[in-house]
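The values are calculated or read from the model by the stated rules, or taken from the named source; none is laboratory data. Remember, predicted model here, so these are calculated numbers, not experimental data. Here the Cβ positions follow ideal geometry from the backbone for every residue, glycine too, while neighbour counts run over all protein chains shown.
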Amino acid sequence: MNTLKTILVAVDFSTGSRAALEQASRIALLQGATLHVLHVVDSAAVATLAASRESSYESQAASATEGARTALNAWLAQSEVPAGVEATIAVGIPLHEILEHVRRLHADLLVAGIAGTGETAAGVGSISGKLARKSPSRVLLVRSGHAHAFQKVVACIDFSETSREVVAAARRIAIKDSASVDFLHVWQEPWIVPTRGAFVESVYPSLVFTENERQAHMKNLRQGLHDFIGPAAEGIHATEVLHESMNYAGGITAHALECKADLIIMGGKGRTNLRYMLMGSTAERLLTRLPCSILIVKPALEGVVP
């Protein structure tokens with residue numbers, strides 16, 4: 001079984017970052033992976049400070065870097081991190097610098113707080129959401145206070161090739177953390193057509209199916225889900241779940257809240273509407289609703305998962 005080699009955790013000294021650091025440290029210790037910690041000093045703030053002090057950008061950047069390094073070392077000392085952790089201070093645009101370090105380090109996993117200093121009860125911050133969409137590696141966004149092992153995992157299955165990576169990731173986490181897994185497929189009746197107007201959203205049946213036909217369709221979905229998961233569910237506490245919803249993100253959210261999930265795993269690409277998970281409205285609705293950690297799994301050729 002493949003293991004993680006390099007983990008990058010991006011921190012900004014927020015409570016969300018603390019949880020991300022401790023979760024990344026836990027995973028690094030389990031996997032024997034190298035852990036890199038990155039803090040980015042915003043270059044826009046440095047430029048503003050330089051202008052207000054009538055000094056050069058370079059001198060202010062050097063001063064900010066030195067201060068940030070001192071603060072980061074003290075901040076890291078408050079958590080148990082693996083021996084040999086590598087800490088880096090960068091000056092630049094945070095999103096750009098984080099993504100550049102992912103590529104430069106060939107990181108297998110990027111970990112960040114699900115939101116920064118402005119964290120709310122649910123949803124992700126703007127930078128965290130962009131990292132989920134743009135990172136070439138897997139992305140784990142961690143909810144504040146969640147540094148411990150995962151207990152309840154919802155693995156979102158849409159029968160795509162990337163969903164096979166979701167299944168594999170869920171099994172690995174279930175084994176390492178003794179977690180229970182719900183393999184979830186959210187479905188919408190194929191004969192229902194959404195109609196959106198300027199002020200309302202409604203649905204109507206394009207065809208009328210009998211209850212027997214509906215039950216037959218669900219039976220096929222249930223069998224398809226069972227066959228897709230295959231032996232991955234063996235030896236772990238796993239449940240196969242069909243959830244009917246007119247909205248994919250809403251269905252995932254509803255089930256995650258109902259079963260009190262602390263981690264959702266989803267693919268970055270898919271075959272149905274879920275292929276827009278990181279590119280459109282489904283992703284935005286989901287990432288702004290969920291009050292739990294989330295792992296974005298990319299195609300197999302881009303690395304491995306925790």
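Just a few scattered comments:
- Check on ALA50, part of a helix (DSSP H, G or I), modelled with pLDDT under 95 and buried (at least 16 other Cβ atoms within 10 Å of the Cβ): yes
- The number of residues in the stretch 223-253 that are without any contact (Cβ under 8 Å) to a residue 60 or more places away in the chain, touching a strand residue (DSSP E or B) at 6+ places or on another chain (Cβ under 7 Å) and under 15 Å from LEU286 (Cα atoms) comes to 2.
- Subset of the stretch 18-41 (residues that are more than 23 Å from LYS176 (Cβ to Cβ) and either charged (D, E, K, R) or touching a residue at least 60 places away in the same chain (Cβ under 8 Å) (or both)): LEU38
- Residues that are crowded, with 18+ Cβ neighbours inside 10 Å and closer than 26 Å to GLN215 by Cα within the stretch 137-159 comprise VAL154, ALA155, CYS156, ILE157, ASP158, listed in sequence order.
- Within the span defined as the stretch 239-255, one or more residues are in the same structural domain as CYS156 (by TED's automatic domain parsing), more than 21 Å from the chain's Cα centre (by Cα) and of a type in the set (D, E, K, R).
- Filter pass, VAL154 being closer than 27 Å to GLU244 by Cα, modelled with pLDDT under 90 and in contact with a helix residue (DSSP H, G or I) (Cβ under 7 Å, 6 or more places away or on another chain): no
- PHE228 falls short on exactly one of the conditions (1) closer than 25 Å to ARG26 by Cβ; (2) at pLDDT 95 or above, and that condition is (1).
- Among residues of the stretch 131-159, those that are closer than 11 Å to SER293 by Cβ, in contact with a Gly (Cβ under 8 Å, 6 or more places away or on another chain) and part of a strand (DSSP E or B), counted: 2
- Taken together, ALA174, ALA198, ALA170, ALA216 contain a single residue that is in the same structural domain as ILE252 (by TED's automatic domain parsing) and either at pLDDT below 60 or in contact with a helix residue (DSSP H, G or I) (Cβ under 7 Å, 6 or more places away or on another chain) (or both), which is ALA198.
- Pairs with Cβ under 7 Å, 6+ apart, first in the stretch 148-160 and at positive phi, second of a type outside the set (D, E, K, R): PHE159/GLY224; PHE159/PHE228
- Subset of the stretch 251-281 [surrounded by 22 or more Cβ atoms within 10 Å (Cβ to Cβ) and either at pLDDT 60 or above or assigned to a helix (DSSP H, G or I) (or both)]: ILE252, THR253, ALA256, ALA261, LEU263, ILE264, ILE265, MET266, GLY267, GLY268, LEU274
- Candidates SER79, SER128 - the one that is hydroxyl-bearing (Ser, Thr, Tyr), part of a helix (DSSP H, G or I) and closer than 18 Å to GLN23 by Cα: SER128
- Of note, THR15 satisfies the criterion of being assigned by TED's automatic domain parsing to the domain that holds LEU131 and either buried (at least 20 other Cβ atoms within 10 Å of the Cβ) or modelled with pLDDT under 95 (or both).
- Selected residue [of a type in the set (Phe, Trp, Tyr), exposed (fewer than 13 other Cβ atoms within 10 Å of the Cβ) and modelled with pLDDT under 90] from TYR248, TYR204: TYR204
- Residue-level analysis places VAL193 outside the set of residues that are outside any helix (DSSP H, G or I), touching a helix residue (DSSP H, G or I) at 6+ places or on another chain (Cβ under 8 Å), at pLDDT below 95 and among the hydrophobic types (A, V, I, L, M, F, W, C).
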